1. Local charge sum around S314 (other residues, Cβ-Cβ under 14 Å, Lys/Arg +1, Asp/Glu -1)?
2. Put +1 on the Cβ of every Lys and Arg and -1 on every Asp and Glu Cβ in region 1-147; which of N125, P90, C38 then has its Cα farthest towards the positive end of the dipole?
3. May I ask for the equivalent-ellipsoid semi-axes of region 13-98, computed as the square root of five times each C-alpha gyration tensor eigenvalue and listed largest first in whole Å?
4. Pick out, in residue order, every one of the trypsin sites (Lys or Arg not before Pro) in region 32-136 that is DSSP loop and has at most 11 other C-beta atoms within 10 Å; say none if there are none.
5. Hey, can you grab everything whose amide H is under 5 Å from the amide H of V104? Only 5+ residues off in sequence or another chain; H modelled, so Pro and N-termini drop out.
6. How large a share of the accessible area of region 66-185, in percent, is made up of carbon and sulfur atoms when the probe is 1.4 Å and the other protein chains stay in place?
7. Provide, for q = 0.09, 0.15, 0.16, 0.22 Å⁻¹, the log10 of I(q)/I(0) from a solvent-free Debye sum over equal Cα point scatterers in region 133-265.
8. Using R₀ = 30 Å, calculate the FRET efficiency as 1/(1 + (r/R₀)^6) where r is the Cβ-Cβ separation of D305 and D222; round to 0.05.
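The values are calculated or read from the model by the stated rules, or taken from the named source; none is laboratory data. Given the structure is predicted, the values throughout are model-derived calculations rather than measurements. All Cβ positions, glycine included, derive from the backbone under ideal geometry; neighbour counts span all protein chains shown. To get the accessible areas, we keep the full protein, side chains included, count just its heavy atoms, and leave off ligands, DNA and RNA. Shrake-Rupley method; radii C 1.70, N 1.55, O 1.52, S 1.80 Å.
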Amino acid sequence: MARVAKLFTGVELPLVGLGTWKSKAGEVENAVKSALECGYTHIDCAAAYGNESEVGKALKDVIGTKVKREDLFITSKLWNTMHAPEDVKPACQKSLKDLGLDYVDLYLMHWPYGFANVGEMFPKNPDGTVMYSDVPFLETWAAMEKLVDEGLCKHIGVSNFNSKQIDELCQKGRIKPAVVQVEIHPYFNQSRLINFCQERGIVMTAYSPLGSPDRPWVKSGDVVLMEDPVLKTIGEKYNKSPAQVALRFNVQRSVVVIPKSVTPSRIAQNKELFDFTLTDEEMKTIEGLQREDTGRVCVPAVEVDGKRVPRDKSHKYFPFDEPF
């Protein structure tokens, strides 16, 4: 089986990359080095993760000595406070400076809605609610297209967009999205969105492909994907871990996965997905694990009257009210 997905430009994107969301300061540099040493060439980053300068230290140590820049695929993301067209290029340049690179291979719009640019990552109104901006994502996209023109990034794409928003970019944009990155795992398999994007030549990337068990808002009693008996049983058949089965499920659908880890042994294990193939019946069984109402776990939320509710639901570009 192929180990890469082909972008519409013909460029190959490795199906397995290292995710860096939630990797703590002091850990991510070694994680990136471990990943590169065991054969990873795809690293997923973002300004909002607050660790791109540390990723940059790891890249500086290996580029030109152990690996060529052109053999790596590095992704970064535009944060919500930088959606105004005049802010897009400076935001990308800041990421490039932190990463120590002349260009990134892929630059994603992190969310379809923006925040006010007042010098804080999460600007707040006096009542504690988020201070949003109403910049249309099509205007932000047009500014991102110019980054491709200027060689600051090779491809552009989006994260956390729904099918209607993606279609609007395809219809009205000059450059179509190369990649759409969203939450995908066996409890939230996104089959409809995957089909929608693949029909349009857009590659899908799964973030939190293991169900984000270390998400900051996890509660006691929440279901843990890695403890699912179906994944355990299938894993025993192939002498693989539940994590490897969950990751294989996606790569077998030509979906890129970017599991995060800072443990060298687990980083290596997460890449060992190409020496077994799930049967059609096993793929259908894993698809059957879908939890329609509770599968999505990565939604920014706030607590209201003791219940967690989507923080950004009032914004006109909130993406998760559509079926997919």
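1. Result for the local shell: -1.
2. It is C38.
3. 23, 14, 12
4. Taking region 32-136 and a limit of 11 other Cβ atoms within 10 Å, the loop trypsin sites (Lys or Arg not before Pro) found are K66, K68.
5. Under 5 Å from the amide H of V104: C153, K154.
6. Reported share for carbon and sulfur atoms: 50 percent.
7. Taken in order of the listed q values, log10 I(q)/I(0) reads -0.34, -0.82, -0.90, -1.27.
8. Plugging the Cβ-Cβ distance into 1/(1 + (r/R0)^6) gives 0.90.
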